[in-house]
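The structure appears below as structure tokens.
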Amino acid sequence: MRLRSRLGVALWMTLFAVSYIPDAAIAQTSSSNQKQAPAKDKPKQNQSANKAPAAKPGSTNKTIKTTKPAKTGNTKTAKKTKDVRVTVTRPANNATTGSRPSFATAMGLRGQHDDLSLKSSVAMVVNQDTNDVLFEKNTGVSLPIASITKLMGAMVVLDADLPLDEPIKINAEDARSYGKSRLATGTSLTRREAMLLSLMSSENRAAYTLGRNYPGGIPAFVAAMNQKARDLGMRNSRFADPSGLSSENVATADDLAKMVSASYQYKAIREYSTWPDLTMVINNRPQTFLNTNRLVRSGDMDIGLQKTGFISAAGKCLVMQANINGSPLLLVFLDSVGTQSRFADAVRVKDWYQQMDPSEIRPLRRLM
């Protein structure tokens, strides 16, 4: 009897304890097996933004659990776990990811120190009036120049005195030249509009159709580009296509300074390359194209001409003519480490030159 009484008491206490487990604790146990709501430390933008990003090559995703007190009525209950995904980014391993380094990186030029702590592998500052070289870094190396090529193409079109108001149409060949573009096959635009989009927003199909509609087509256009380079004394340059997508379009910083100075003599190139934005109606839909140079859009500098460029072989590139402290300067930046760092390099040069006493400027050499 005494044994039965003890067993009965133990059974009754067990049933009482199970029935007293709080609902919040049960909810915590079940919710730990479900997908947690996204963290609210950032503004909600869209549905896809609420999903944890996939790991990038060279990155590690870690899930860290944090706790937040859960309340039921006026009674505090057990803490509720919440999954927060954190991405730890490490430098990509080219051997692992299969991506190719830029030519300048492969040559050991990236990361070299200079007096201005620029992030570009190649940099040059030239006084446009005197041709005095005021700053240089790795200027004698021929490297891919990406869409800076489009400045040469614009000069060739203008030299040929082709009618800028003549309509030209994007065809299948233009579309094959570059896969991603809002200039769909069949889009009709004037030669002026194509040049504007080429220089302002670096539209590759627009640049290609300018070459295709040149007398003699693409071969004649590329030949004219190379002849123009020889005429300008660009001895270490070569052009292979109108858009700059080919890594065979190469030049030194010296040659690019000459090309920027020559391009500046064309009013249309000055105007179109510094146009902030343009809205066109394509396939009955308005499309807005922006200038690829954020310094133009922000008005941070007095820019007379500019062109950006990027392909993997070239890295992020930028050339400009800018008036700084009363002097017209030619700026060249090749193989910068990031999208914004080339613009930051231009601002560093501006700050450096503005702090200089003109009487103390000592040219390094003369651009020949």
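The values are calculated or read from the model by the stated rules, or taken from the named source; none is laboratory data. The model shown is predicted, which means the values in this text are computed figures rather than measured ones. Surface areas here come from the heavy atoms of the whole protein model, side chains and all, with no ligands, DNA or RNA. Shrake-Rupley method; radii C 1.70, N 1.55, O 1.52, S 1.80 Å.
Quick one: compute a quarter of the convex hull surface over the Cα atoms of the stretch 86-236 and quote it in nm².
So the mean shadow area of the Cα hull is 13.3 nm².
With respect to the cross-link table entries Lys180/Lys228; Lys137/Lys180; Lys228/Lys307; Lys119/Lys180; Lys316/Lys350, which display a Cα-Cα separation exceeding 24 Å?
Over 24 Å Cα-Cα: Lys180/Lys228; Lys137/Lys180; Lys119/Lys180.
Please state the relative contact order of the stretch 224-364 as a whole percent: Cα pairs under 8 Å, 6+ residues apart?
In percent, rounded to a whole number, it is 15.
From largest accessible area down, sort Met155, Met368; use a 1.4 Å probe on the protein chains.
Per-residue accessible area, sorted high to low, gives Met368, Met155.
Subtract the Cα-Cα distance of Arg176 and Arg238 from 0.36 nm times their separation in residues, and report this length gain in nm to one decimal.
Extra length from Arg176 to Arg238 when fully extended: 20.0 nm.
Using amide H atoms built 1.01 Å from N in the peptide plane, name the residues 5+ places from Gln287, or on other chains, whose amide H lies under 5 Å from its own.
Those lying under 5 Å, H to H, from Gln287 are Met280, Val281, Ile282.
Determine the share of the stretch 199-292's accessible area contributed by carbon and sulfur atoms, expressed in whole percent, with a 1.4 angstrom probe.
47 percent
Heads up, I need the accessible area for Lys119: 1.4 angstrom probe, whole protein in place, Å², nearest 10.
Only protein atoms counted, so the area is about 100 Å².
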